[in-house]
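The values are calculated or read from the model by the stated rules, or taken from the named source; none is laboratory data. Just so you know, these numbers come straight off a predicted model, no measurement behind them. Neighbour counts run over all protein chains shown; Cβ positions are idealised from the backbone, glycine included.
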């Protein structure tokens, strides 16, 4: 419980809206939050440590002091909260990664011959800003596309119009050469206006203007210039068509679609920028400190921090998960935009598809970040050394095998075995198991069946070849046999103490008690090992825990994928097997021809009759059944 002095301080806290800062004994800010009623919110933290989420309980265990700032309204508190999170980087807040301002594209039309800048400051100076972008790399990619489509200048020289000759960019149609007077201020500004319209997703006015200029050049017999304008129009049209295809049919709206993926203490958030119904760009942002946070909490933190600095707020924001404090955030964005902002979490249709696509991109980005982390040899060595020490292993676990079971109320039960070597998955050594000898729902028995089938091979190879080199007849083992005969440095079971006991029983039965064994319980991410009743609770951000979680997650993914495949096949089989005259051979031919059960269902009678062995009467019965 917090010290009594905190309860005394709580008595003088006002009931006004504001921002509060929770601190540890050294004065470090642990968490920044906002409240419509400061006293009520702080009381919920200070009067009890029960009933809170695990992340909040860990924070309260370090709480020693608090401070607060009173504001005139909840909206002001929201803005101040975002500012303090960015400035103080509190460890228990979900926050955008890096302590830097994100880059923007800046276009200042007040200049005689405007350039297109990269800037990290958005000012109220009348210029047009686009962004923010997650990295300098993503903004440069956008600028490279713009440079291919529009001949604006990229030099920083003073434009006098009296240069003797243009640079190379003019000759490759990448600059209109205002330095030599080949284009005047008015026409150069038309190019900049086209860039702005393109960035806003308004490609039709751009192409209409270019077509007009192309016709004028053709009428003036300037065929080389007309050809250049034709190529530019086609290039913009190709990009516009790609953007239109990607958005499916979201209408001609301005909107942002936001999806996310999170794991442990990090989340990736993908934003798709749709302007005038076209996907003009997307970017990925990383959130730190998301450990144990609900998806709604992470999404809320991102929306507040992202749109605080964004120069443009669209009319619609589509989210993968609904946000907390939605009324306050909607009002704040309305004031920022100068008009109503609709914030929704679509459940169906094209908008839902767009959000799912954003979430899928976020998931791929998170996987790449995690793979990059484990390509660091120092981090991997640290993780394996920590596992060796915490689990009391004889050597670092360079070869880890992990096992998981997947079934739906006992149907189509399957097991998975994944192998990691030096922190990297070895898909060639992954194995899938159909569980055949267990009736009903019994995860422990299913796990034992799978482990017996795997480790029986290891036990047999040890008895037959004590050195594990040659086969029973003295011949060398083939690759598959060698894989089965190799003992892992650590076996991880996805489950708790019950799963561990079941696995240990199999290893003792086979005389393999020397194989190191542990289980990872998902609820608290605790590790259990034999002969140790207490769980091993690794630090949440420790490399060792992140390594075993990665291995466990891969085993789970592999098992679930196989289970879904078998369940799908069973569904197809059960539907088509009901039709008299459709046996395994004809069923295989139908699926090969039409690709799926839905394809068979949608096929017309003539297409079905074209399959060898399918008569018209059989095709009619098949259609009626499906």
query: Could we say that residue 105 is closer than 30 Å to residue 167 by Cα and surrounded by 20 or more Cβ atoms within 10 Å (Cβ to Cβ) here?
result: yes
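For (1) modelled with pLDDT under 75; (2) part of a loop (DSSP other than H, G, I, E, B); (3) more than 30 Å from residue 266 (Cα to Cα), each residue gets a yes or a no:
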{"residue": "538", "(1), (2), (3)": "no, yes, no"}
{"residue": "571", "(1), (2), (3)": "yes, no, yes"}
{"residue": "592", "(1), (2), (3)": "no, no, yes"}
{"residue": "624", "(1), (2), (3)": "no, no, yes"}
- prompt: With respect to the numbered conditions (1) at pLDDT below 85; (2) crowded, with 21+ Cβ neighbours inside 10 Å, which one is the sole condition not fulfilled by residue 176?
  reply: (1)
query: Quick check, is residue 416 part of a helix (DSSP H, G or I) and at pLDDT 85 or above?
result: no
query: Tally time: how many residues in segment 200-254 are farther than 18 Å from residue 147 by Cα, at pLDDT 65 or above, buried (at least 16 other Cβ atoms within 10 Å of the Cβ) and in contact with a helix residue (DSSP H, G or I) (Cβ under 6 Å, 6 or more places away or on another chain)?
result: 4
query: Looking at residue 442, is it modelled with pLDDT under 90, out of contact with any helix residue (DSSP H, G or I) (no Cβ under 8 Å at 6 or more places or on another chain) and over 23 Å from residue 504 (Cβ atoms)?
result: no
query: For segment 325-349, how many residues meet the condition of being under 23 Å from residue 261 (Cβ atoms), more than 20 Å from the chain's Cα centre (by Cα) and surrounded by 14 or more Cβ atoms within 10 Å (Cβ to Cβ)?
result: 4
